[in-house]
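Written out below as structure tokens is the structure these notes cover.
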Amino acid sequence: MVFLTMHKDTTYAARAMEIGAMGFVLKHCASSELLEAIRTVLSGQAYLTPEVAEGLDRLASSKSTTARSPSLTPRQREILQLFAEGKSAREVAATLHISNRTAENHKARIMDVLSLTSTSELIQYAIRHGIIAAG
């Protein structure tokens, strides 16, 4: 199985590999990379797009030195990403077709699960875990 996704989040790639994927490719990659991934997987080897492979290496080294971080659902990661990108609760709500209050509740729950106390910590977490890019 080869995942073709827009998500650069290394935890998505790690989870995909845990459940049996042999390849992980980003949608914005060149079609030649996708073909290379398919050929590699068909030959019995794993393929990770280089951008994600670097992140997985960092993730693996950080996991070996720290306790496993709490896991978020894909929906929580999506909401985390939107808030970390600087979107307001109203903008998150409009994007996801939910109420403002639901968006705020999701953010509060995510911050609780991750033991974060401020929006700046939320943004730092998102950058450290590859959910959003720095700068």
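At-a-glance table
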item	result
Residues of region 6-33 that turn out to be within 23 Å of residue 131 (Cβ to Cβ) and either of a type in the set (Phe, Trp, Tyr) or in a helix (DSSP H, G or I) (or both), as a count	11
Selection count, region 34-47, where residues are within 28 Å of residue 72 (Cβ to Cβ) and not in a strand (DSSP E or B)	4
Output for region 79-135, where each listed residue is part of a loop (DSSP other than H, G, I, E, B) and basic (Lys, Arg)	87
Inter-residue pairs, beta-carbon under 7 Å, first under 14 Å from residue 77 (Cα atoms) and in region 109-135, second surrounded by 11 or more Cβ atoms within 10 Å (Cβ to Cβ) and of a type in the set (Lys, Arg), 6+ apart	130/8; 131/77
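Here, each number is a calculation from the coordinates, and none is a lab measurement. As the structure is a computational prediction, the values presented were derived from the model and not from experiment. Positions of Cβ are backbone-derived with ideal geometry, glycine not excepted, and every protein chain shown enters the neighbour counts.
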